[in-house]
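What follows is a set of notes on a single structure, which appears directly below.
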Amino acid sequence: MFDRHYKVWPEYAPRSLTVPETSVYTNLQITALRYPSKDAIVYYDSTMTYGELHSEVEALAGYLQHLGVARGERVLLYMQNSPQYVIAYYAILRADAVVVPVNPMNRTAELEHYLKDTGATVCICGQELFPQLSPLVGSEALKHAIVTAYSEYVRKETDLNLPAEVAMPAKSITQAGVHAWTDCLAAGHRPGRIWPSRKIMRYSPIARERRARLKVVLTPTAR
């Protein structure tokens, strides 16, 4: 183990970290309980409180589970920095799933690779990126896409210059398998119980694959 830094390590500081039993989502839940009226996000002068953030995370998590997202499964997150990115990130965790962040510069061929590599059946994406995702929606791999317009969270007048992607109004997409972000939040689905972090990892596809490989290695060779 590398330990040369111990020579200058403060005597009062611990040399190891205890992994908490709580999840990243739990930190948001606790903060929303303690400070529900405090601003969690400020987006081009529009604000969202921790209480509002937590409420939308719960609603989107419930919808993901409604679409069939199960414990340990992966969900692609394909969008720019925005309130929706934050909400979607926590919602995927709340649904006991695994976040797969995708670079907005990626195109259809690269998205197809991510789908095959992760086994994801759901993608949450920004409206301006949907043309890259559209050819894959409804395929055997990608069953559902949740699409959002960043302008939906610019809810008050601002003198700031909005990028074209942010100013773009929401468009109605009628393609099969596509779900509008606002419809998902309004559907009223509630997520199921929260599993401890270690149990989520235990049942994740990655963990199952590792256990399978380990079992092969440990199984004695027939003589």
- Message: For the condition open to solvent by 60 Å² or more (accessible area, probe 1.4 Å), more than 22 Å from LEU162 (Cα to Cα) and in a loop (DSSP other than H, G, I, E, B), what is the one hit in SER55, SER37?
- Response: SER37
- Restricting attention to segment 63-70, does a residue exist that is buried (at least 16 other Cβ atoms within 10 Å of the Cβ), out of contact with any Phe, Trp or Tyr (no Cβ under 6 Å at 6 or more places or on another chain) and either among the acidic types (Asp, Glu) or farther than 23 Å from ASP183 by Cα (or both)? no
- Looking across segment 164-177 at residues that are of a type outside the set (Gly, Ala, Ser) and within 25 Å of GLU52 (Cα to Cα), the single one that is surrounded by the most Cβ atoms within 10 Å (Cβ to Cβ) is VAL166
- Message: Can you go through TYR50, TYR43 and tell me which one is modelled with pLDDT of 95 or more and open to solvent by less than 40 Å² (accessible area, probe 1.4 Å)?
- Response: TYR43
- Hey, can you tell me all the residues within segment 108-152 that are touching a helix residue (DSSP H, G or I) at 6+ places or on another chain (Cβ under 9 Å), in a loop (DSSP other than H, G, I, E, B) and surrounded by fewer than 22 Cβ atoms within 10 Å (Cβ to Cβ)? GLY119, THR121, SER139, ALA141
- Find all pairs meeting these conditions: Cβ atoms under 9 angstrom apart; at least six residues apart or on different chains; first residue within segment 161-172 and free of Cβ contacts under 8 Å to residues at least 24 places away in the same chain; second residue surrounded by 13 or more Cβ atoms within 10 Å (Cβ to Cβ) and part of a loop (DSSP other than H, G, I, E, B). PRO163/GLN80; ALA167/VAL154; PRO169/ALA149
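Given the criterion closer than 25 Å to VAL178 by Cβ, within 21 Å of the chain's Cα centre (by Cα) and not basic (Lys, Arg), identify the matching residue among GLU21, GLU58. So that I can check it myself, show each step before the final result.
Numbers: GLU21 fails: closer than 25 Å to VAL178 by Cβ.
None of the other options fit; the residue is GLU58.
Taking TYR12 as the residue in question, decide whether it is open to solvent by 100 Å² or more (accessible area, probe 1.4 Å), modelled with pLDDT of 90 or more and either farther than 25 Å from TYR150 by Cα or more than 21 Å from the chain's Cα centre (by Cα) (or both).
The answer is yes for TYR12.
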- Task: Only residues that are touching a residue at least 12 places away in the same chain (Cβ under 8 Å) and either part of a helix (DSSP H, G or I) or aromatic (Phe, Trp, Tyr) (or both): list them for segment 73-89, please.
- Result: TYR78, PRO83, GLN84, VAL86, ILE87, ALA88, TYR89
- Message: Looking at segment 157-199 only, could you name the residues that are polar (S, T, N, Q) and either under 18 Å from ASP96 (Cα atoms) or out of contact with any Asp or Glu (no Cβ under 6 Å at 6 or more places or on another chain) (or both)?
- Response: ASN161, SER172, THR174, GLN175, THR182, SER197
- Residue among ILE92, ILE30 that is free of Cβ contacts under 8 Å to residues at least 40 places away in the same chain, part of a helix (DSSP H, G or I), among the β-branched types (Val, Ile, Thr) and touching a strand residue (DSSP E or B) at 6+ places or on another chain (Cβ under 6 Å): ILE92
- How many of the residues in segment 20-34 are open to solvent by 90 Å² or more (accessible area, probe 1.4 Å) and at pLDDT 95 or above? 2
- Message: Quick check on LEU17: is it outside any helix (DSSP H, G or I) and either of a type in the set (Val, Ile, Thr) or open to solvent by 50 Å² or more (accessible area, probe 1.4 Å) (or both)?
- Response: yes
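The values are calculated or read from the model by the stated rules, or taken from the named source; none is laboratory data. None of these values were measured; they are calculated from a predicted model. We place every Cβ from the backbone using ideal geometry, glycine too, and count neighbours over all the protein chains shown. These accessible areas exclude ligands, DNA and RNA; they are computed on the full protein's heavy atoms, side chains included. Shrake-Rupley method; radii C 1.70, N 1.55, O 1.52, S 1.80 Å.
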